[in-house]
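A short write-up of the structure that comes next.
The values are calculated or read from the model by the stated rules, or taken from the named source; none is laboratory data. Being a predicted model, the structure only gives us computed values, none of them experimental. Every residue, glycine among them, receives a Cβ derived from its backbone with ideal geometry; neighbour counts consider all protein chains shown.
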Amino acid sequence: MEKKNVWETYDAKHLKKLESLNQEYRNFLDNGKTERECIGTIVNIIEKEGYRELEGIIKSGEELSTGDKVYSVWMNKSIAMFRIGERPMAEGMNILGAHIDSPRLDVKQNPLYEDGGFAYFDTHYYGGVKKYQWVTIPLAIHGVVVKKDGTTIELNIGENEEDPVFFISDLLIHLSQEQLEKKAAKVIEGEALDLIIGNKPLVIDKKAEKGKDKEHNKEKDKENDKENNGEKEQAKDAVKKGILEILKDSYGIEEEDFISAELEIVPAGKAREAGFDRSMILSYGQDDRVCAFTSMRAMLDVKESDRTACCILVDKEEIGSVGATGMRSRFFENAVAEVMELCREYSELNLRRCLAHSCMLSSDVSSAFDPSFAASFDKKNVAYLGGGMVFNKFTGSRGKSGSNDANAEYLAHLRKVMADKKVNFQTAELGKVDLGGGGTIAYILALYGMNVIDSGVAVLNMHAPWEATSKADVYEAYRGYMAFVEEASM
Ligand code: MN
Ligand code: MN
């Protein structure tokens, strides 16, 4: 199949829409650098567009009907959105799915220590990272600290120009002869990914301390002044103590509060346009927020659909879709059951029918062809940046192991849907045979027997602190999701 240059297909009207969508996308990336921040951002946007929280409707017992829009958030990290269609839900939904967690460094539960005059946060990386990419770049801390009494302190430090940033050190080139002989996987070890958070010792002013005790005796004070002559003393672990004092004064955080904290270390800075032609976006966290954003936007912009439309944006994909907020959790199935109940349609059998008859685009990023590493790709079966929305019939590696492998019939249907709406798409694998791989959430939804295919957007330097996408692909994914929600039905 001939590869098309998607940019050539646009007229002025398309280009204008493409730019405004990408501007909104960049704002989305800047406002959502953790899964919790993504959920907050998404809820803000969708409530303005008429989505209402499912839990409130369950309490009131109100009946849902065609056109009603509801959402359910699970533990502040995953969300399911529903737009009720004309046809009964038991005939199936059109489901868009993506994940909102991204590779990063997580702060450990007992993180704070001092060594060699630096205060550090000890970390454990989350998801697949090339560890050597995370040193010597400005990093920000995002997340929550939950106090024993249940109050939550939200942190977001390092994004504003006047904020401090944090960093991980690397050995200077002059002393790196031995380090550079190591394998890339060992150049920076996991335990060496500790964040430098301070270097200034807390200094106890002896004069001030003594002065407090002896305020009554002015003569003695004078003597003390002479004795100490401005003498100051450093406490043990003085840098760490200094950090603790700042944390207490600024945020009310005590050292033991880290036990119940979720702090994520991410690259500091905003999403940027890339290239003289501004054709690309360079940003942290595009895997998989590029698909999450475009899926959500498509969901909001669809005006009519026969079938109930659904969008699920989930946590924990990068570590195997585990946990209560990952795709393997029952929260989604439970939310569907609740929505069917409110549509006066629920029965165990109807729920199963609904899930089995649904169609899904399981969206995630695809590895874009990189000419600098051409040998890792099959040029005929790889996604190109600017090549349009991507469909992966299968992912997996070593004999398609672990892949969802969508049905030919389903692909044929999607070809028709995309052609009818003039959506530019390409088909791809994640890399050469026996080289690629990568799990997605597709196989989990396929367990219900529904039609699922991996799809999404091509990304260059996937999982690096800064990932690149094409604005045209962002736009085509959005258009593809719209077409799917409006037209898909199998
Ligand atoms: Mn992903
Ligand atoms: Mn990933």
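The table below lists the values:
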| quantity | calculated |
| --- | --- |
| Output for the range 427-467, where each listed residue is among the hydrophobic types (A, V, I, L, M, F, W, C), over 19 Å from Ser295 (Cβ atoms) and touching a strand residue (DSSP E or B) at 6+ places or on another chain (Cβ under 6 Å) | Leu430, Leu460, Trp466 |
| In the range 373-409, the residues that are of a type in the set (S, T, N, Q) and within 14 Å of Gly431 (Cα to Cα) | Ser376, Asn381, Asn392, Thr395, Ser397, Ser401, Ser403 |
| Qualifying positions in the range 278-307 - of a type in the set (S, T, N, Q) and either modelled with pLDDT under 95 or surrounded by fewer than 24 Cβ atoms within 10 Å (Cβ to Cβ) (or both) | Ser279, Ser305 |
| Qualifying residues in the range 385-411 (those that are surrounded by 21 or more Cβ atoms within 10 Å (Cβ to Cβ) and touching a residue at least 60 places away in the same chain (Cβ under 8 Å)) - the one farthest from Ala446 (Cα to Cα) | Gly386 |
| Meets criteria (in contact with a Leu (Cβ under 8 Å, 6 or more places away or on another chain) and either within 27 Å of Ala464 (Cα to Cα) or among the charged types (D, E, K, R) (or both)) for Leu313 | no |
| Whichever residue in the range 361-388 is more than 23 Å from the chain's Cα centre (by Cα) and among the hydroxyl-bearing types (Ser, Thr, Tyr) and, among such residues, is farthest from Met93 (Cα to Cα) | Ser372 |
| Criterion violated by Phe258 - all others in (1) farther than 23 Å from Gly85 by Cβ; (2) in the same structural domain as Ala442 (by TED's automatic domain parsing) satisfied | (2) |
| Among (1) buried (at least 22 other Cβ atoms within 10 Å of the Cβ); (2) touching an Asp or Glu at 6+ places or on another chain (Cβ under 7 Å); (3) more than 22 Å from Leu282 (Cα to Cα), the one test that Glu35 misses | (3) |
| Residue that is surrounded by the fewest Cβ atoms within 10 Å (Cβ to Cβ), among those in the range 412-428 that are of a type in the set (S, T, N, Q) and out of contact with any helix residue (DSSP H, G or I) (no Cβ under 6 Å at 6 or more places or on another chain) | Thr427 |
| Qualifying strands (runs of 3 or more DSSP E) (wholly inside the range 425-474; at least 1 residues being within 16 Å of ligand 2 (Cβ to nearest atom)) | 451-456, 467-470 |
| Per-region count, the range 313-372, residues more than 16 Å from ligand 2 (Cβ to nearest atom) and either among the hydrophobic types (A, V, I, L, M, F, W, C) or outside the structural domain of Val452 (by TED's automatic domain parsing) (or both) | 19 |
| Residue within the range 354-364 that is free of Cβ contacts under 8 Å to residues at least 60 places away in the same chain and either under 20 Å from Ser455 (Cβ atoms) or not hydroxyl-bearing (Ser, Thr, Tyr) (or both) present | no |
| Selection status of Gly431, of a type in the set (Gly, Ala, Ser) and buried (at least 24 other Cβ atoms within 10 Å of the Cβ) | no |
| Close pairs (7 angstrom Cβ cut-off, 6 or more residues apart or separate chains): under 19 Å from Gly32 (Cα atoms) in the range 92-107, away from ligand 1 (no atom under 16 Å from the Cβ) and assigned to a loop (DSSP other than H, G, I, E, B) anywhere | Leu105/Leu193 |
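For (1) closer than 26 Å to Val417 by Cα; (2) of a type in the set (Asp, Glu); (3) buried (at least 21 other Cβ atoms within 10 Å of the Cβ); (4) outside the structural domain of Ala337 (by TED's automatic domain parsing), each residue gets a yes or a no:
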residue	(1), (2), (3), (4)
Glu53	no, yes, no, no
Asp68	yes, yes, no, no
Ser78	no, no, yes, no
Glu86	yes, yes, no, no
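This table checks each residue for (1) surrounded by 15 or more Cβ atoms within 10 Å (Cβ to Cβ); (2) in a loop (DSSP other than H, G, I, E, B); (3) more than 16 Å from ligand 1 (Cβ to nearest atom).
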{"residue": "Asn94", "(1), (2), (3)": "yes, no, yes"}
{"residue": "Gln109", "(1), (2), (3)": "no, no, yes"}
{"residue": "Gly128", "(1), (2), (3)": "no, yes, no"}
{"residue": "Glu154", "(1), (2), (3)": "no, no, yes"}
